[in-house]
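Only one structure is covered here, and it is reproduced in the block below.
The values are calculated or read from the model by the stated rules, or taken from the named source; none is laboratory data. Since this is a predicted model, take the numbers as computed values, not measurements. Here the Cβ positions follow ideal geometry from the backbone for every residue, glycine too, while neighbour counts run over all protein chains shown. Note: accessible area is taken over every heavy atom of the protein model, side chains too, but ligands, DNA and RNA are not part of it. Shrake-Rupley method; radii C 1.70, N 1.55, O 1.52, S 1.80 Å.
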Amino acid sequence: MTTTQTDPSGLTEATELTEPTERTEQTEQTELGLLPGERWWGGLAADGPAMPFGVEPHSRDLAVEAGTNQSAPVLLSSAGRYVWSARPFAFAFSGDRLALEGRGVVVRHPGHTLRDAYQAAARAHFPATGAAPARALFTGPQYNSWIQMPYRPSQDAVVAYVRELLDDGLPPGVVMVDDMWSEDYGVWEFAEARFPDPAAMVAELHALGCSVMLWVVPWISPDSAAFRELEPLGLLLRGADGQTVVRRWWNGLSALLDLSRPEAVDWMRTRLRSLQQRYGIDGFKMDGGDLQDYRIDDQARGYEPVDMVKAWSALGEEFAFNEMRASWATGGRALAQRVQDKPPTWEAVRSLVPTMVAQGLLGMPFTCPDMVGGGEVGSMGEVEVVDQELFVRYAQVAALSPMMQFSLSPARALDDAHLPAVRAAVNLRQSLLPDLMGLVDVAAATGEPVVRHMAYHAPGLEDVTDQYFLGPDLLVAPVVEPGATVRSVVLPDGDWRGASGETISGPATVEVPVGIDSIPVFRRV
């Protein structure tokens, strides 16, 4: 192991430890001095609520720590610096130092602001492809069967669920049929007893103006026909001992498709394309494929765990209608990236904005803040009575996000005092679609986030984490505290107009009265 030391000022123009794409076991260490007031973002989307870094001690090893959400080998500084490697690296903030250890780590200082750092890193290392996921994922809400009918979707139940949502006044959107629509994990055929005529179901949902996606995972049930087909072909992942692995995941014990093998990826691709051709399925929710499911000593043709995660995302990107929950280094790609499953808690609601900000700064702008009210099925199952205020406030955050996803039907969850607030949030979203879709197009062309940290356009506001920019001209300050009657909003330089119609000159902090239907939004004049 070799060690390098940067200038204590941290102003080193570049520190290049090895070639960024070099696949070697050699790691190197370096240390940066933090600049006065400098803050940092990056690494794990799940760490968004802890960002910005630079005040409290914080460390991660990206080779083994990813949570169950997106991660990327990039750190971005409010002073215009960034850290990048093509391979996972470890980092630790402590006091006024940032320690780095990894392969091919580079440090650059291309500008003076967070936006400077992001734009330079994106251009150099994860440029935008020019494409975005299917527009329907943004223009209408997404309706997912998961919480409404966990582990028990059926053709009749899915159609009735969607009709109920539309009859209650919600617009057509993308319908996601979640876990247990299939015969078994890896046997990607509709369970005939519950879905007797999938083509008719899809045709009916299409006639209602909805697209249709199916949930899939890279897991293969060990007693399934798929396992018996794949194992003799060598297309299931093998461990260090050369034997097919059977590992625990949230649904039990299963084998894994060996995504390092093109034949295994093609096997999965063929089945997904067949579902499209035979039934009219529009795309797929690509669940699973988490970093924690793989081992560094798996026999995977030299693929490391992060490479397996990325291979699953690469397959997902072949479909315009896609959704990823776990991904690695997919900056600039046309992938819908969902926030990991959230419990129905106020802490979860407060985490949505900083997590989506983190996703965007990892180069993943097409974000979805999980299912309104929470999508963590275990926690949701423990709730006897829905916290209606929490459900409304969650919906308001989602309404002014790139994507909005429901599972639990608002009309079933809410009383007459709360349901109109969700409808108002959806209507506000629909009225702002020209702004949102314009930002989606910008993100596809440039890679810039849709949800942007306050410091992205207003340096000096690095520690304001509960409000955000939608592009440079819309400022959103959602209510994320229970029982709130006033929302404090920090306005940066410029003239801003809110719902009252009054123009306020910034910088200023204003106290905005809020009711259950309030979403403070300010537009730059």
Ellipsoid equivalent to region 176-235 - semi-axes via the Cα gyration tensor, in Å: 27, 12, 9
DSSP bridge orientation in the chain - percent antiparallel, rounded to nearest 5: 70 percent
With every protein chain in place, the chain: carbon and sulfur % of accessible area (1.4 Å): 50 percent
Region 29-125: mean projected area of Cα convex hull, nm²: 5.5 nm²
Two-site FRET efficiency, Ser94 against Arg273, from Cβ-Cβ distance with R₀ of 51 Å, rounded to 0.05: 0.55
Between region 449-484 and region 259-283, the alpha-carbon center distance in angstrom: 40 Å
Rough spin-label spacing in nm, given labels placed 7 Å along Cα→Cβ, for Ala314 and Asp441: 3.2 nm
Region 207-261: proportion of alpha-carbon pairs further apart than 17 angstrom, %: 42 percent
As computed over region 279-427, the Cα convex hull volume per residue (Å³): 147 Å³
Spin-label model distance (nm) - Ala508 vs Gln292, 7 Å beyond Cα toward Cβ: 4.7 nm
Whole-number percent relative contact order across the chain, with pairs defined as alpha carbons under 8 Å at least 6 apart: 14 percent
Which of His453, His418, His112 is most accessible, then next, and so on - probe 1.4 Å: His112, His418, His453
Percent of Cα-Cα distances greater than 24 Å, calculated over region 371-525: 37 percent
Largest to smallest principal axis extent of the C-alpha atoms in region 368-458, angstrom: 45, 28, 23
Rounded D (µm²/s) - the chain, Kirkwood Rh over Cα pairs, Stokes-Einstein at 37 °C, 0.692 mPa s: 138 µm²/s
For region 343-391, convex hull of alpha carbons as volume per residue, Å³: 71 Å³
Region 305-389: C-alpha pair distances exceeding 14 Å, %: 65 percent
Translational D in µm²/s for region 439-525 (Stokes-Einstein at 20 °C, 1.002 mPa s, Kirkwood Rh from C-alpha pairs): 159 µm²/s
Overall Cα dimensions of region 157-291, principal axis frame, Å, largest first: 56, 27, 26
Accessible area per residue in Å² at 1.4 Å probe, computed on region 80-212: 34 Å²
All-pairs Cα distance distribution in region 410-449, expressed in whole percent, bin size 10 Å: 29, 29, 24, 17, 1
Length-normalised contact order of region 59-136 in % [C-alpha pairs under 8 Å, at least 6 apart]: 29 percent
Chain lengthening between Ala200 and Arg152 when straightened (0.36 nm per residue, less Cα-Cα): 15.4 nm
Under Karplus coefficients 6.51, -1.76 and 1.60, residue-wise ³J(HN,Hα) of region 129-143 in Hz, glycine/proline x: 7, x, 10, 10, x, 3, 4, 4, 5, 9, 6, x, x, 9, 10
Kirkwood Rh in Å, taken over all unlike Cα pairs in region 74-182: 18.1 Å
Percentage relative contact order, region 291-383, counting C-alpha pairs under 8 Å, at least six apart: 23 percent
